[in-house]
Amino acid sequence: MESSVLRAEPNRPTPGRPIIFNPSICNACNTCVTVCPEDVFIPSPVKGESPIVLYPEECWYCGVCVDDCNRPGAIRLSHPLQQRARWKRKATGEHFRVK
Amino acid sequence: MSGRGTLVWPYPIRYEQEDTYETDVLILGGGIAGVWAAIAARRAGARVTIMEKADTRRSGAGGTGVDHWGYAADNPCSRITPAEMTSALVENHFGYRNGISTYIHASSAYETLLEMEAMGGKVRDTEDEFKGAPFCDDQTKLLFAYDYDNRYCIRVWGANFKPLLRRRCKRLGVEFLDRTSATALLTDDGAYGARVVGATGINCHTGAFVVVRAKAVILATNRPQRIFTFSSEHRGTAAHRGGSNVGNGYAMAWRIGAEFTLMEKTIRSPYASPYSYPSYGTGNAINTWYPSTIVDARNKEVPWVDCNGRVLSTVDERCRPAAGQKFFLMGGGNSSQPHPGLKQYAGPKLITDLEPRMMKGEFTPPFYADLTGMPWYERKAIWGLMVGQEGKTRVPILQTYEASGFDPAKDMLQTYDFLRGQGMREFVAPQERTFGEMGVAGGLLTDWDLMSNIPGLFGAGDLLFASQDHVNAATTGRYAGARAALYARGTDHGKLDSGQIGREKKRVLAPLAEASDSIDWKELNNGVARVMQNYCAELKNEELLKLAETWLADIEQNEVRRVSAGNPHQLMRTLDVIDILTCAKMIVQASKARKASSDVLSFSRLDYPENDPPEWHKYVVIRHDDNGGVQVTSRPLGFWGDYEKNYGPRHAENIAAMQGTGATAATHIR
């Protein structure tokens, strides 16, 4: 087994992934970078790759990046685990939550 | 995200460089108030420039939508006049609501909405989705909320209003300085308290310093937040106003001697909570979810009552005034908290003794919002129209919940009432208090031109004292835009002072210097919030407030000098927190100046325990003087005088001015 270098990294801010890209749909047009009211993104330095969420802890979950995206499904919001609401199906009593 | 540390800043760095522009009307803040102001000023013939910290397509608290076009007493179906509406709202706030902005709002909301419709906004049920619903007017196809008899609140499809407004600005030739955060107002020849002749800003991507020379400036920035509550890691799904809304306009105007009032009003509220659930994303019966049915864990309905305490037996009755009541202002509210305001304007709501009845076993927690058994039109209006168009609901709530399987015809969304909760939002951390996240708040004092005591400095939207909401921002923005354009017609450009500009540039760029003992903007924000929690929150007295003053000054002397930013984005956030600190100081000064407790202002002075004594029924006005002191004056309640006599002639003048066209675009000098 080849030895690898273990990187020493600081903790990431929490929640660390408020916005999730689907790289197979995203065409890296950077519209989300332009419209984000909080300026949490920067364009990827690699041409054709999805933007980078540089400041995830500044996201206020407005959803503009999703709403203004020209490629449906390329971006989704991921709510903080502690802020995922729950509901109950009236007829069966089953409980669900935001995934 | 491994390897993030190796990323290179993607924008060209232009620290120290200066971009200079000249315009007639400069608008600071391109949210709802700002873009409406720009459209009006441009139509009135002025050259117009918007300086916006984010991107005007979606920026501002209202950038993601609006569902209620409220207090539109000028709409053809309303049975309430603008004067009745305004008087009721002012009275319901015990006099502490802005009569000027509220009358502008109530008199021109529909007129403004028609302009929105002309820009492509959907404001009526053109597809007959709600035909036959009791809140639908057959003739106009307008849909109404709350009081179905009096019809002053219109339901709209507002999720795309902001991009449409921006497009209109662009077509009219408004110049945008996007991603540019305003930092200071410039005065004639640099003199303190003199007329405004422009402003400075900093580009949040490049760090370039921006100077704009203008004949008039409209402050359309939002209120300060994060004064009492801040989490360095959670901005919060509940936050109604974005992280960029920090009160830049308050701080800038304070530094040149503008008058502010009602700054002492802060309230205990979970609205600012970084930990709460998404707004409108939990079961409740208020606002966007009005008039939802609430049931307990065993599907037992929680009764609704009217203002007389009469139990209502139908859903329809939740949307009608009570016996003897002409109209109601707003209903719903949290079951555990009575809705503030006067009984004669109180709308139907859930029983207020739900908690003791639950404790005795009559109801079983948890509770749920149950749309399944409601009439189809109410279910469809709440989930799909209101939740879907209201700001921050289309993607974070409607789409995200439906993607997880939520079906309003089958599922009941849980409330967090009594589970350390309070309906839509819940307290989960101590000292959750807010200045500007909820309700009307303190702000810029203006006359009927929406001009402050500083000549040429106008205000619009949430920054106006005791004003609030999307429609208030739209209508006052539109009005201020026309007034500022008219003012600019009669004036020349003043004299910029290079000393004033140079000092501001030095202040703005100072955090870029590296220090071995530096701190970042988040720690600074937390430090300010802690001082405010301890010394200017639930309990106040002279000693506590003096300590607040001392410790804020201490932070300013020490930590502000050590705060450091590594790139233009962090520099923008750092300058934001310095403005938050300035706003905190304003709140402390106003709290010192009101030497009486006040229930209606949620203001408790241990050393002046009498509540709302008659001699303190007034607006306390504060102003920073050029010696570093604070001048305190006051205005009587209702100081704005007769509504129509003041509004009527100005409104006619505005309309006439906006029918003119012309003027060239603003110019970039170099």
What order, most packed first, do the peptides B:521-532, B:99-110 have when packing is the mean number of other Cβ atoms within 10 Å of each residue? B:99-110, B:521-532
Compute, for the stretch B:1-62, the length of the dipole vector about the Cα centre, with Cβ point charges of +1 (Lys, Arg) and -1 (Asp, Glu) only. Units Debye, rounded to 20. 360
Which of B:A537, B:A480, B:Y401 sits farthest toward the positive end of the charge dipole of the stretch B:395-537, with +1 on the Cβ of Lys and Arg and -1 on the Cβ of Asp and Glu? B:A480
Go through B:F458, B:V217, B:M116 and say which Cα lies farthest out towards the positive end of the charge dipole of the protein assembly as shown; charges sit on Cβ, +1 for Lys and Arg, -1 for Asp and Glu. B:M116
Summed residue charge, Cβ within 13 Å of A:S50's Cβ, Lys/Arg positive, Asp/Glu negative: +3
Can you give me the % of accessible surface on the protein assembly as shown that is carbon or sulfur? Probe 1.4 Å, all protein chains present, nothing else counted. 50
Is it possible to state the helix-based mean residue ellipticity at 222 nm for chain B, with each DSSP H run of 4+ residues giving -39500 (n - 2.57), the sum divided by total residues, to the nearest 500 deg cm²/dmol? What is it? -9000 deg cm²/dmol
By the gyration tensor of its Cα atoms, with a ≥ b ≥ c the square roots of the eigenvalues, what is the shape of the stretch B:5-83: rounded for a/c under 1.5, prolate for a/b over b/c, or oblate? oblate
Global geometry of chain A, whether rounded, prolate or oblate, following the gyration tensor of its Cα atoms and the 1.5 cut on a/c: oblate
Per-residue Cβ counts within 10 Å, from other chains only, averaged over B:165-178: what number is that? 0
Applying 1/(1 + (r/R0)^6) with R0 = 51 Å to the Cβ-Cβ distance of B:S313 and B:Q17, what FRET efficiency is obtained, to the nearest 0.05? 0.15
Mind checking the angle between helix B:32-43 and chain B's longest principal axis? C-alpha axes, 0 to 90 degrees, to the nearest 10. 60
With a point put 7 Å past each Cα toward its Cβ, work out how far A:E9 is from B:Y192 in nm, to one decimal. 5.2
Given a cut-off of under 8 Å on Cα pairs at least six residues apart, what relative contact order in percent is computed for the stretch B:348-503? 14
With all protein chains present and a 1.4 Å probe, how do B:K380, B:K392 order by accessible area, largest first? B:K380, B:K392
In the structure displayed, which of B:K215/B:K506; B:K131/B:K392; B:K540/B:K585 lie more than 21 Å apart, Cα to Cα? B:K215/B:K506; B:K131/B:K392
Give the cross-link partners of A:K47 among the aspartates and glutamates, using a straight C-alpha distance below 19 Å as the criterion and excluding same-chain residues fewer than 8 apart. none
Enter the Cα centre distance for the pair the stretch B:239-265 and the stretch B:143-182, rounded to the nearest angstrom. 22
Shielding of A:76-83 by other chains, given as the mean Cβ count within 10 Å, works out to 6
Please report the relative contact order for chain B, taking Cα pairs under 8 Å with a sequence separation of at least 6, and give it as a percent rounded to a whole number. 22
Hey, what angle do you get for helix B:498-509 against the long axis of chain B, alpha-carbon based, 0 to 90 degrees rounded to 10? 60
Å² of accessible area per residue within the protein assembly as shown, as computed with a 1.4 Å probe and no ligands counted: 36
Total formal charge among the other residues, if their Cβ is under 14 angstrom from that of B:G341, Lys/Arg +1 and Asp/Glu -1: +1
Run down the aspartates and glutamates and flag those whose C-alpha is under 14 Å from the C-alpha of B:K522, throwing out any fewer than 8 positions away in its chain. A:E57, A:E58, B:E233, B:E559, B:D576, B:D579
Rounded, prolate or oblate: which fits the stretch B:195-235, taking a ≥ b ≥ c as square roots of the Cα gyration tensor eigenvalues, rounded meaning a/c under 1.5, else prolate when a/b beats b/c? oblate
B/A buried area, accessible surface, summed, 1.4 Å probe, Å²: 4800
Which whole-angstrom value gives the distance between the alpha carbon centres of the stretch B:339-375 and the stretch B:59-116? 27
Would you work out which of B:V600, B:Q570, B:L581 lies farthest towards the positive end of the dipole of the stretch B:564-605, given +1 charges on the beta-carbon of Lys and Arg and -1 on that of Asp and Glu, about the Cα centre? B:V600
Expected integer from the mean partner chain Cβ neighbour count at 10 Å over A:4-14 is 2
What distance in nm separates the two pseudo spin-label positions at A:L81 and B:A118, each 7 Å out from Cα along the beta-carbon direction? 5.4
For the pair B:D554 and B:L606, what calculated FRET efficiency results from E = 1/(1 + (r/R0)^6), where r is the Cβ-Cβ distance and R0 = 25 Å, to the nearest 0.05? 0.60
Measuring from its Cα centre, the protein assembly as shown shows a charge dipole (+1 at each Lys and Arg Cβ, -1 at each Asp and Glu Cβ) which, in debye to the nearest 20, is 1000
Only Lys, Arg (+1) and Asp, Glu (-1) charged, at Cβ; the stretch B:148-291 dipole about Cα centre in debye: 520
Taking Cα atoms, the helix B:643-658 axis meets the longest principal axis of chain B at an angle in degrees (rounded to 10) of 60
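The values are calculated or read from the model by the stated rules, or taken from the named source; none is laboratory data. The model shown is predicted, which means the values in this text are computed figures rather than measured ones. All Cβ positions, glycine included, derive from the backbone under ideal geometry; neighbour counts span all protein chains shown. Side chains are part of the model used for accessible areas, which takes the heavy atoms of the whole protein and leaves out ligands, DNA and RNA. Shrake-Rupley method; radii C 1.70, N 1.55, O 1.52, S 1.80 Å.
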